[in-house]
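Below: one structure, written as structure tokens.
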Amino acid sequence: MRSTFLQHHPAKGEFLFQCILHALVFSFYTIDRHHPDVLYTFEFYHFLFFLNYTWANLLISYVFLPRYFYPKKYLQFTFATVLLVALVILIEESVLERWFFPDSRGTNFPGVIFSLGQVLPILAILSGFKFAWDALLKQRQLDELKAMVRESELAFLKSQINPHFLFNNLNNLYAYSVEGSPKTPEIILELSAVLRYMLYECREASVPLSKEIEHLRNFSQLYELQIEDRGEVSFQTGNIPPGFHIAPLILTVFIENAFKHSQSGQSEKIVIKIHLEVDNNGLLKFSCHNNYILGPERKSTPKGIGLENVRKRLNLLYPDSHKLTIKQLDTEYRATLTLQLRKP
């Protein structure tokens, strides 16, 4: 987020804002409406009259608003403001008018309605702009808070991926080591490469698509070692234009689920098809299909956190630029994702 003077110096920014606001309102206040040939006529009494409005505005803006209006104590705010306006009118009519205009305007009281017409517009403008300033600051704080919550939630969701991945693969590695399989060292190396990418190369919010595809290939090869000769795994890529980035590990869950579903309760004829391509405008089309055998043990298998995790990440990172379709047929599971990628 681009830094601004308002974000880093709110007090100085507000002081400058109030000075400019009062200068502008005072310039309008000194316009001579009785002599069209002369636009502005500044007299000393203009300053004192406006000073009477200024102290009232400061009281409303920095005492009444934060103490009564913002805490929703509207009755107290109204009562205090009415008293303050009455005091301003009293000072203006009983002191200032009689001091500067003892033989004309100060000889009689023009009435409450006339006096309110003089006082309320200026106080409303000054305090109204203060209210707008506070609303702007609150909105900025709310936006920053939302951004912090969003970043925290993304970090939490991303942190769940590594334990989820390790939980599944360490169990498989343990089984191979108990059986004394000669593929155990190869699985350890593949697992090391995948974890290196997860832990060190995808710390940024987005990574080059080419690196993510390389990781997906290593990831699928790691699981493919476990299938051995029991089926076929196809990983194909179409057009992949350079320069596009993608959120790291956003596609990993679909491949992991494909292997998990195919291996559960199925000993042979495993078929997994993975396809990925991107058009020149950055629209990614990803599909992952796998077959499976529906058995009684599958009905009682608890659902993992992976799919729910990736749905949340997609909604946070690509709220209006993705479409995820998942179809679970009798013997086939299909996941299709279209995603609009961006360039850094």
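The values are calculated or read from the model by the stated rules, or taken from the named source; none is laboratory data. Computed from a predicted model, the values in this text were never measured in an experiment. Glycine gets a Cβ as well: all are built from the backbone with ideal geometry, and neighbour counts include every protein chain shown.
Okay, here's what the table says:
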read-out	value
Of all residues making up the stretch 281-304, the number that are at pLDDT 80 or above, farther than 18 Å from GLU212 by Cα and surrounded by fewer than 17 Cβ atoms within 10 Å (Cβ to Cβ)	1
Selection count where residues are over 19 Å from ALA205 (Cα atoms) and of a type in the set (Gly, Ala, Ser), scope the stretch 314-344	1
Pick from the stretch 73-101, criterion among the charged types (D, E, K, R) and in a helix (DSSP H, G or I), ranking: farthest from GLN118 (Cα to Cα)	ARG98
